[in-house]
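Engineer: Structure below; questions to follow.
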Amino acid sequence: MSHFEKKQYTSTYHFFADGSALILRKALYGLKQAPRLWYEDIDGYLQSIGFRQSAEDPNLYLQPGILLVLYADDLLIAHNGIEGRGRQIKELLQKRYKMCDMGAAKRFLGIEIERTKDGGFSICQRDYINTIIRRFGLMDAKPAKSPLDPQTDLANTCCEDKPANRKEYLSMVGSLMYAALGSRPDIAFSVTALSRYNVQPLEMHATAAKRVLRYLKTTAGFQIHYRRLSNPITIIGYTDSDWAANLTTRKSVGGCVFGLGNVNVNEELVISGLIHWQAKSQSVVALSTLEAEYIACSHATRESLWLRRMMKEAADGMAVKISDGPVPIGCDNQGAIKLITSGVVRQKSKHIDVKYHHVHDEQMKGSVKFQYVTSESNPADLLTKPLAVPRHEQLLQLTGLTQSDSHTENSNTTDETDHGKGGCDSLAKKRGCLR
């Protein structure tokens with residue numbers, strides 16, 4: 001618990017008839033100042049023992065050869081294998097705070113981590129998915145092979161459907177969002193589409209959300225595998241868009257995926273595992289597929305620049321070298337690539353806002369390199385539209401999402417392991433947690 005900078009009083013009228021108050025010496029859980037005071041306390045201590053805060057992500061702290069991720073009072077430490085470095089950091093933290101050392105990371109924030117025989121590791125959210133399936137009573141529901149039915153029009157304005165239970169709907173969408181952000185890029189578009197109806201959801205939207213849950217039940221063991229790579233490691237991206245996808249606003253949906261990998265001798269993009277993905281409605285109405293793809297390329301460029309800065313920062317002192325070359329990004333629209341390469345504004349593109357033309361500048365500086373890929377081999381298509389089952393399964397292979405062949409040691413645990421009274425995460429809530 002952190003100390004207050006100023007005196008804080010608590011009312012004790014339930015105990016003292018004269019209405020006297022007590023002075024709080026430390027911030028308690030539940031006070032609105034507590035999160036900020038805790039952050040200031042641990043941030044100051046981490047910097048006092050030699051860590052510096054990342055310029056790209058305030059939750060990432062760095063020392064040469066050591067990375068520390070802070071999320072509330074949970075910490076995850078990675079180091080370069082030098083004996084004693086990780087143990088020394090843990091001992092310093094345990095002297096300052098009451099913490100439990102949970103050893104090698106097997107689970108963090110609901111994400112299960114499994115080391116593999118090839119020297120890599122895999123992540124999945126099997127237990128979390130099973131938990132939300134039980135929460136919404138879908139344990140006996142029929143399986144689904146894709147998140148959304150491409151024949152279903154969620155924006156059907158002529159539908160006279162009944163309003164859905166908004167509280168339950170928001171709970172479903174929020175639960176799906178956490179899975180999409182953690183390890184399931186295959187439902188990222190579905191969450192984006194369902195979130196449009198958070199204000200006034202109808203039964204058809206609740207049914208669609210339950211279909212995504214049934215899909216997760218079918219594919220609960222899907223994992224992202226990160227194999228060991230040779231230096232230098234390249235950040236590889238793909239981008240795509242679906243023109244005028246929103247039938248209400250006619251705005252397009254853009255998507256991008258990034259992974260770590262190597263570029264082979266034929267300049268083919270080979271990804272080990274996805275590290276970043278995003279599905280997002282564009283903020284303007286594009287007048288053509290070229291414009292929609294161009295805007296998506298601009299967004300992917302911004303994401304790639306941020307990712308490379310963060311990866312280079314994190315690689316300091318590690319046995320990892322991030323390539324200094326341009327970030328290759330695959331795009332399936334040759335008109336957009338030509339506009340990016342030439343920078344020539346013509347009759348059909350002169351209206352495009354200047355903020356999107358920075359993509360040409362970054363291409364000329366050598367920060368990114370857009371290259372053509374066919375639509376069939378573009379995994380970003382998974383994040384722009386609902387797809388038929390064969391196409392969806394094809395793109396799953398391109399993104400590297402695979403069914404887990406074996407269960408981790410914690411795979412059969414229940415919800416209480418993560419959040420229950422006897423679980424380690426509940427102990428972390430009280431004492432802090434080191435992994």
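Engineer: Any chance you could count how many residues in the range 76-99 are in contact with a helix residue (DSSP H, G or I) (Cβ under 7 Å, 6 or more places away or on another chain), in contact (Cβ under 8 Å) with a residue 60 or more places away in the chain and surrounded by 12 or more Cβ atoms within 10 Å (Cβ to Cβ)?
Structural biologist: Start the filter on the range 76-99 by keeping residues that are in contact with a helix residue (DSSP H, G or I) (Cβ under 7 Å, 6 or more places away or on another chain), which leaves 77, 79, 96, 98-99.
Within this subset, residues satisfying the condition of being in contact (Cβ under 8 Å) with a residue 60 or more places away in the chain are 77, 98-99.
Within this subset, residues satisfying the condition of being surrounded by 12 or more Cβ atoms within 10 Å (Cβ to Cβ) are 77, 99.
Qualifying residue count, the range 76-99: 2.
Conditions (1) in the same structural domain as residue 139 (by TED's automatic domain parsing); (2) of a type outside the set (D, E, K, R), marked per residue:
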{"position": "171", "(1), (2)": "yes, yes"}
{"position": "174", "(1), (2)": "yes, yes"}
{"position": "182", "(1), (2)": "yes, yes"}
{"position": "185", "(1), (2)": "yes, yes"}
{"position": "194", "(1), (2)": "yes, yes"}
{"position": "240", "(1), (2)": "no, no"}
{"position": "247", "(1), (2)": "no, yes"}
{"position": "273", "(1), (2)": "no, yes"}
{"position": "277", "(1), (2)": "no, yes"}
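Engineer: Right, here's the next one. Tell me the residue from 372, 356 that is more than 30 Å from residue 66 (Cα to Cα), aromatic (Phe, Trp, Tyr) and surrounded by fewer than 16 Cβ atoms within 10 Å (Cβ to Cβ), please. First the steps, then the outcome.
Structural biologist: Values: 356 fails: surrounded by fewer than 16 Cβ atoms within 10 Å (Cβ to Cβ).
Of the residues listed, the single one that is more than 30 Å from residue 66 (Cα to Cα), aromatic (Phe, Trp, Tyr) and surrounded by fewer than 16 Cβ atoms within 10 Å (Cβ to Cβ) is 372.
Engineer: Let me ask something else about it. Of the conditions (1) of a type outside the set (A, V, I, L, M); (2) out of contact with any Pro (no Cβ under 9 Å at 6 or more places or on another chain); (3) crowded, with 21+ Cβ neighbours inside 10 Å; (4) touching a residue at least 60 places away in the same chain (Cβ under 8 Å), residue 238 clears all except one; give me its number.
Structural biologist: Answer for residue 238: the failing condition is (2).
Engineer: Any residue in the range 131-151 that's touching a residue at least 12 places away in the same chain (Cβ under 8 Å) and closer than 15 Å to residue 218 by Cβ: show its pairings with residues that are of a type in the set (Phe, Trp, Tyr) and in a helix (DSSP H, G or I) at Cβ separation under 6 Å, as long as the two are six or more apart or on different chains.
Structural biologist: Close Cβ pairs satisfying both conditions: 144/215; 147/215.
Engineer: Within the range 318-346, can you find the residues that are in a helix (DSSP H, G or I) and of a type outside the set (Lys, Arg)?
Structural biologist: 334, 335, 336, 337, 339, 340, 341, 342
Engineer: Could you tell me which residue of the range 366-407 is farthest from the chain's Cα centre (by Cα), considering only residues that are part of a helix (DSSP H, G or I) and among the polar types (S, T, N, Q)? Break it down into steps so the answer makes sense when it comes.
Structural biologist: Step one: list which residues in the range 366-407 are part of a helix (DSSP H, G or I), which gives 375-377, 379-383, 389-399.
When the remaining residues are screened for being among the polar types (S, T, N, Q), the result is 375, 377, 394, 397, 399.
On the way: 375: 24, 377: 23, 394: 22, 397: 19, 399: 15 Å.
Per the criteria, the residue is 375.
Engineer: Cβ contacts < 8 Å: first residue in the same structural domain as residue 85 (by TED's automatic domain parsing) and among the β-branched types (Val, Ile, Thr), restricted to the range 39-63; second residue modelled with pLDDT of 90 or more and in a strand (DSSP E or B), any location; separation 6+ or different chain. Result?
Structural biologist: Every condition considered, the pairs that remain are 42/70.
Engineer: Look at residue 315 and say whether it is assigned by TED's automatic domain parsing to the domain that holds residue 247, over 18 Å from residue 57 (Cα atoms) and without any contact (Cβ under 8 Å) to a residue 60 or more places away in the chain. Explain how you work it out, then say what you get.
Structural biologist: Values: assigned by TED's automatic domain parsing to the domain that holds residue 247: yes; over 18 Å from residue 57 (Cα atoms): no; without any contact (Cβ under 8 Å) to a residue 60 or more places away in the chain: yes.
So residue 315 fails the test.
Engineer: Does residue 217 fit the bill of being buried (at least 17 other Cβ atoms within 10 Å of the Cβ), basic (Lys, Arg) and in contact with a strand residue (DSSP E or B) (Cβ under 6 Å, 6 or more places away or on another chain)?
Structural biologist: Numbers: buried (at least 17 other Cβ atoms within 10 Å of the Cβ): yes; basic (Lys, Arg): yes; in contact with a strand residue (DSSP E or B) (Cβ under 6 Å, 6 or more places away or on another chain): no.
So residue 217 fails the test.
Engineer: Would it be correct to say that residue 184 is of a type in the set (D, E, K, R) and within 26 Å of residue 258 (Cβ to Cβ)? So that I can check it myself, show each step before the final result.
Structural biologist: On the way: of a type in the set (D, E, K, R): yes; within 26 Å of residue 258 (Cβ to Cβ): yes.
In short, yes.
Engineer: Taking the range 172-186 as the region of interest, how many residues are hydroxyl-bearing (Ser, Thr, Tyr), crowded, with 19+ Cβ neighbours inside 10 Å and part of a helix (DSSP H, G or I)? Walk me through it before giving the result.
Structural biologist: Initial filter on the range 172-186 (hydroxyl-bearing (Ser, Thr, Tyr)): 175, 178, 183.
So of that shortlist, the ones also crowded, with 19+ Cβ neighbours inside 10 Å come out as 175, 183.
Add one more test, that the residue is part of a helix (DSSP H, G or I), and what stays is 175.
The number of residues fulfilling the criteria is 1.
The values are calculated or read from the model by the stated rules, or taken from the named source; none is laboratory data. These figures come from a predicted structure and were not determined experimentally. So basically every Cβ, Gly included, is an ideal-geometry build from the backbone, and we count neighbours across all protein chains shown.
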